[in-house]
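Q: One structure coming up, written as structure tokens, with questions to follow.
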Amino acid sequence: MVKENGLLWEVTFWEFFWVTMVLAGGAAYLTGRAVARSWNSGIQLAVYMILLTAACRFIHFALFKGSLLSIHYYIVDLIFLLIIAFIGRQVTRAGQMTTQYSFDYRRNGPAGWARKT
């Protein structure tokens, strides 16, 4: 496999797409949902994403001969996974708020809620 070393991906785009976006991104979304369902904070979600990013980097290293300790690609993966995780948390939290407090809140888009007037 020829290394491309792009700004966002280290080996190839497809390797980045399948490992970071699909595999780790799906795990990040589900982790965001789990954190929202347990009513935990965003700080705890960020800690989980730091650990998930380390696992994602290990998969890049073990399967595709990427670098294990590259801080640049670690930060790129971490930012992407944080975005996906917080989207999952926000969508789930919006559903929780409108279900649990339906007397006071209504749904305002897929990831938001608003106070009833």
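Values in this text are rule-based calculations from the coordinates and carry no lab data. Because the structure is predicted, anything quoted here is derived from the model rather than measured. All Cβ positions, glycine included, derive from the backbone under ideal geometry; neighbour counts span all protein chains shown.
Q: Report, ordered by the first and then the second residue, all pairs with beta carbons closer than 6 Å, sequence separation of six or more or different chains, a first member in segment 73-94 that is more than 20 Å from Gly6 (Cβ to Cβ), and a second member that is part of a helix (DSSP H, G or I) and among the basic types (Lys, Arg).
A: Between residues of segment 73-94 that are more than 20 Å from Gly6 (Cβ to Cβ) and residues that are part of a helix (DSSP H, G or I) and among the basic types (Lys, Arg), the close pairs are Gly88/Arg33; Thr92/Arg33.
Q: Please state which of the following conditions Gly25 fails to meet, knowing it meets all the rest: (1) in contact (Cβ under 8 Å) with a residue 60 or more places away in the chain; (2) closer than 30 Å to Arg107 by Cα.
A: Unmet condition: (1).
Q: If you check Ile50 against the conditions, is it in a helix (DSSP H, G or I) and surrounded by fewer than 18 Cβ atoms within 10 Å (Cβ to Cβ)?
A: yes
Q: Right, another one. Tell me which of these Ser70 doesn't satisfy, since it passes every other one: (1) within 18 Å of the chain's Cα centre (by Cα); (2) under 19 Å from Leu8 (Cβ atoms).
A: Failing condition for Ser70: (1).
Q: Hey, among Gly88, Gly95, Gly25, Gly32, which residue is more than 17 Å from the chain's Cα centre (by Cα), among the small types (Gly, Ala, Ser) and assigned to a helix (DSSP H, G or I)?
A: Gly95
Q: So in segment 84-117, with the set limited to residues that are out of contact with any strand residue (DSSP E or B) (no Cβ under 7 Å at 6 or more places or on another chain), surrounded by 13 or more Cβ atoms within 10 Å (Cβ to Cβ) and of a type in the set (Val, Ile, Thr), which one is nearest to Arg57 (Cα to Cα)?
A: Checking each candidate, the answer is Ile84.
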